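The structure appears right after this line, and notes come after that.
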Amino acid sequence: MGPRLLALLFAASASLPAPGQALVDRTKPTLQPARQLTLEERGDIQMARKMYREAIDTYQSDPNKTAILYNKIGIAYHQLQQFDKAKKYYEMAIKLKRNYSEALNNVGTVYYAKKSYRRAISYYKRALRLSDTASIYSNLGTAYFARKQYTKATDAYQEAYNRDPDVFEHKSNFGTLLEDRNVEERARFHYYLAKMYAKSGRNELALQYVRKCLEEGFKEKKKLAEDPEFQALRQTQEFQDLLAAEQRVL
C-alpha cells in the first residue's frame, strides 16, 4: 500500500463514527422539532378563520392575559355583535394599559354601533390624542357624518386621507365603513369621497365615486357641475356623460 493511498484511507477513517455510534447524513440539514403555538397564536388563527367563539375560548384559557389579549377578546365579541361584552373587554384592556389607543378606538366603535355618536366621538378623540392614525380619523369622520356635521366629517376624512391615501379603500378595516345608512346618506358620503379624490388629482377614483353617488340617488347634481374640486374632471367625456345620463338608482 503506497503512502498516498494510506493517507487517503486515514483521512476517510477520521470522519467515520466510533463503534456503536449512528451514521449521520451531513448532506441534509438536521430537522428541528416544530415550535408549539402559544394560546394567543392559536386564537389569532381562529380569528382569521372567523371562528370567533372558539377564539374567545382559546384566549380565555391563556393564564397570562395582557391588555392586547383582552382587546382581542373584545374584538371577537364585537364580530359576534355582542357589543356589551366587547366593551367590557376593551375597558379591561384600557385598565391594564391606560394609553391603549386601539382599545379606546374600539370602545368608540361600540358606541357607534349603538348609535351613540356623541360618545363615539369622545372616545375617538381620546384615541387620537395617543395615536393620530388614519383609521381613527376615518372613524371620527363617520361619527360626525352620522350626526350630520358634514364640515367636521369632511375635515376628519381629509386628515385620514392625508395619513393614508387608501384608507377608504380598505374594506376590511373594522369601524371604517358606513353602516346603517339610508340611500341618501350613502350617496352624500360617496359625493364627499369623490370630491376628496378629485381635489387630490386621483381622477379614476373620483369618477368611480361620482358614479356611485349618482346611482345611490344624489340629488344635488348642481354641486358636481359647480364645485371647484371637479373643475379638471368636467373636461373629461366620462364625467360629462355621467352628469347627462339619467341614473338608475340602485
query = In segment 152-206, which residue that is assigned to a helix (DSSP H, G or I), under 23 Å from Glu238 (Cα atoms) and among the small types (Gly, Ala, Ser) is modelled with the lowest pLDDT?
reply = Ala187
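Across segment 24-47, which residue is nearest to the chain's Cα centre (by Cα) among those that are hydrophobic (A, V, I, L, M, F, W, C) and modelled with pLDDT under 90?
As a first pass, look at segment 24-47 and keep what is hydrophobic (A, V, I, L, M, F, W, C): 24, 31, 34, 37, 39, 45, 47.
From what's left, modelled with pLDDT under 90: 24, 31, 34.
Working: Val24: 49, Leu31: 37, Ala34: 31 Å.
Among those that are hydrophobic (A, V, I, L, M, F, W, C) and modelled with pLDDT under 90, it is Ala34.
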task = For residues that are more than 16 Å from Ala198 (Cα to Cα) and either in contact (Cβ under 8 Å) with a residue 60 or more places away in the chain or touching a Gly at 6+ places or on another chain (Cβ under 9 Å) (or both), tally how many sit in segment 215-244.
result = 0
inquiry  = Would you confirm, using the coordinates I've provided, whether Tyr90 is assigned to a helix (DSSP H, G or I), within 19 Å of Ser116 (Cα to Cα) and among the hydroxyl-bearing types (Ser, Thr, Tyr)?
reply    = yes
task = Consider only pairs whose beta carbons are under 7 Å apart and that are at least six residues apart or on different chains; among these, list those whose first residue lies in segment 103-114 and is touching a residue at least 40 places away in the same chain (Cβ under 8 Å) and whose second residue is surrounded by fewer than 24 Cβ atoms within 10 Å (Cβ to Cβ) and among the aromatic types (Phe, Trp, Tyr).
result = Thr109/Phe174; Ala113/Phe83
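Going through Ala232, Ala194 one at a time, which residue ends up being surrounded by fewer than 21 Cβ atoms within 10 Å (Cβ to Cβ) and either in contact with a Pro (Cβ under 8 Å, 6 or more places away or on another chain) or hydrophobic (A, V, I, L, M, F, W, C) (or both)? Full working, then the answer.
Details: Ala194 fails: surrounded by fewer than 21 Cβ atoms within 10 Å (Cβ to Cβ).
It is Ala232.
The values are calculated or read from the model by the stated rules, or taken from the named source; none is laboratory data. In this text the structure is predicted, and so the values were computed from the model without any measurement. So basically every Cβ, Gly included, is an ideal-geometry build from the backbone, and we count neighbours across all protein chains shown.
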